[in-house]
Amino acid sequence: MMRNQTSSTSQTIRFTLIAFGLGVGLTTLVIGGADDATPIGTKWWPSEFGPADERGAANRITPKKVLEARDLIQDGKIYQLGRLYEHGMPIPGKRHFSLTIPGLPTGLPTGNNQMVSNDELVSGEIGQVGTQFDGLGHVGCRVNGEDIFYNGFKLSEFGNPYGLEKLGVENVGVFLTRGILLDVAAIRKADRLPNGYVIKPAELQACLDTADLEIRTGDMVLLRTGHGKLWMEDNDTYGEGEPGLGLAAARFLTDRKVALIGADTWAIEAVPHESDELSYPVHQWNLTRHGVYHLENLDLEELAADKVYEFAFMFSPLRLRGATGSPGNPIAVR
C-alpha cells in the first residue's frame with residue numbers, strides 16, 4: 001500500500017449502507033447499536049484459527065498443499081515475480097530506499113593474501129517498498145479509540161517502536177502452495193486496466209472459466225491488471241492510482257479461503273476507491289478481518305505471456321522480528 005487517503009467514517013451505519021450499495025452483500029455488517037459493531041462491521045475476532053493465533057491464512061499452507069504444489073511442476077521453468085530494488089523505483093509518499101557500498105573496499109586488505117571485501121548499507125522502510133509482503137500487523141481499524149488488528153490484538157498492548165510484539169512477519173512461515181493467475185486484463189481485452197477500475201466477482205469467475213480452474217483452500221491468487229507495465233516507465237501514473245479489487249471481489253476470494261493475494265499493483269485494490277468515504281477497505285477486509293496476506297508490486301508479464309495459469313508458488317518472508325512486512329522475490333514454477 002502506497003499512500004494515505006481521507007480517513008474512513010467511524011459510523012457503522014454509513015459503512016454498512018456504502019458496502020451494500022457496492023453489492024458486497026455482507027451479512028455480517030450491522031446498522032449501528034450492537035455491542036460488537038465496528039466501523040467495518042461486526043467484530044472479527046476471535047479468529048477461526050484460535051484466539052491466540054498470529055499466522056492467519058498462512059495456517060492453510062498444510063503438507064497437503066505443499067505436495068499439491070509439487071505435483072504442478074512439469075518442466076521446471078522458474079518465473080521470478082519480484083521487482084528489482086533500485087534507485088528510482090516507485091516509492092510511496094515519503095518512504096525511501098537507499099543502498100550504498102561504503103569505503104570501496106569496505107574492508108581493507110588483510111592477511112598475506114591481501115583479502116579485501118565490500119558490504120552494503122541499506123536504509124528505508126524495507127518491508128513496505130518495491131515488491132512487498134503485507135503482514136497482519138500492517139493494517140488495523142480504530143474502534144472506540146482503540147486500534148485493533150487481526151484477531152482482536154490491540155496496538156496499545158503489542159505496539160513497540162522497535163518492533164511489534166504481536167503479528168510480526170517472523171510468525172508467518174513459508175508459502176509453498178498452489179498458485180493461480182487470474183489475467184483480468186486479458187479477459188477485458190485490455191493492454192492495461194485504467195486507474196480506479198474496480199474488478200468484480202464476475203470477472204474473477206470469467207478468468208477461472210477461461211483457464212478451466214477453480215480456487216481451492218490455501219491457494220495463492222495472482223491478479224494481472226497490466227498496471228505493472230508502467231513500472232520504471234511511467235512511475236507517476238503508476239503511483240497516482242491503480243485498478244484492483246472492489247470489496248465484492250475481495251469477498252469472492254476470502255470466501256474461497258485463499259492464503260495470499262498478489263497483484264501487479266501497489267495496493268491490490270482499486271484506487272481511487274469505490275467510495276470516497278472509505279480508505280483502503282480491501283486491506284481491512286483481507287488482512288484485518290480475514291488474515292489473508294497481500295503481495296504487491298509483482299511482475300506478472302512473463303507468466304501471462306506464457307499463459308501459465310496454474311503453478312507451484314513459493315515465497316518466504318524475511319524473518320524480521322516485529323516487522324509489518326517483508327521484501328522478497330516470490331517465484332512461480334511450472
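Laid out as a table, the results:
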read-out: Three-way shape call for the stretch 213-334 based on the alpha-carbon gyration tensor, with the a/c threshold at 1.5; value: rounded
read-out: Built amide H within the under 5 Å cut-off of residue 310, gap 5+; value: 181
read-out: Residue with peak Gaussian network fluctuation, the chain [Cα springs, cutoff 10 Å], from 117, 156, 275; value: 117
read-out: Stretch gain in nm, segment residue 276-residue 78, where the contour uses 0.36 nm per residue and the Cα spacing is subtracted; value: 67.2 nm
read-out: Of 154/257; 94/189; 166/307; 94/154; 94/229, those spanning more than 31 Å from alpha-carbon to alpha-carbon; value: 94/189; 166/307
read-out: GNM flexibility winner over the chain from 195, 297, 113 (Cα, springs under 10 Å); value: 113
read-out: Dipole of the chain, positive direction: furthest Cα of 99, 115, 223, with charges on the beta-carbon; value: 223
read-out: Dipole magnitude of the chain, debye to nearest 20 (Cβ charges: Lys/Arg +1, Asp/Glu -1, about Cα centre); value: 540
read-out: Peptides 251-264, 199-212, 179-192, 66-79 ordered by average Cβ neighbours within 10 Å, highest first; value: 251-264, 179-192, 199-212, 66-79
read-out: Likely footprinting exposure, 333, 221, fewest C-beta neighbours within 10 Å first; value: 333, 221
read-out: At 0.692 mPa s and 37 °C, Stokes D of the stretch 140-234 from Kirkwood alpha-carbon radius, µm² per second; value: 195
read-out: q = 0.18, 0.27, 0.31 Å⁻¹, the stretch 69-122: log10 I(q)/I(0) [Debye, one scatterer per Cα]; value: -0.77, -1.09, -1.19
read-out: Isotropically averaged projected area of the chain, using the convex hull of Cα atoms (one quarter of hull area), nm²; value: 19.3
read-out: Expected 222 nm ellipticity per residue - DSSP helices of 4 or more, -39500 (n - 2.57), all of the chain, to 500; value: -4000 deg cm²/dmol
read-out: Given charges at Cβ of Lys, Arg, Asp, Glu: the stretch 133-282 dipole, positive-most of 138, 176, 262; value: 176
read-out: Value in Å of the Kirkwood radius, where the stretch 41-180 supplies the Cα pairs that are averaged; value: 19.3
read-out: Helical segments meeting 24 Å axial Cα length and Kyte-Doolittle 1.0 threshold in the chain (DSSP H); value: none
read-out: Distance between the stretch 267-284 and the stretch 117-145 - C-alpha centres, whole angstrom; value: 19
read-out: Stokes-Einstein D in µm²/s, Kirkwood radius over Cα pairs - the stretch 260-321 at 25 °C with 0.890 mPa s viscosity; value: 179
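Every read-out reported here was derived from the displayed coordinates using simple, explicitly stated rules and does not represent laboratory data. Computed from a prediction, not measured in an experiment: that's the story for all the values here. All Cβ positions, even for glycine, are placed from backbone atoms using ideal geometry, and neighbour counts span all protein chains on display.
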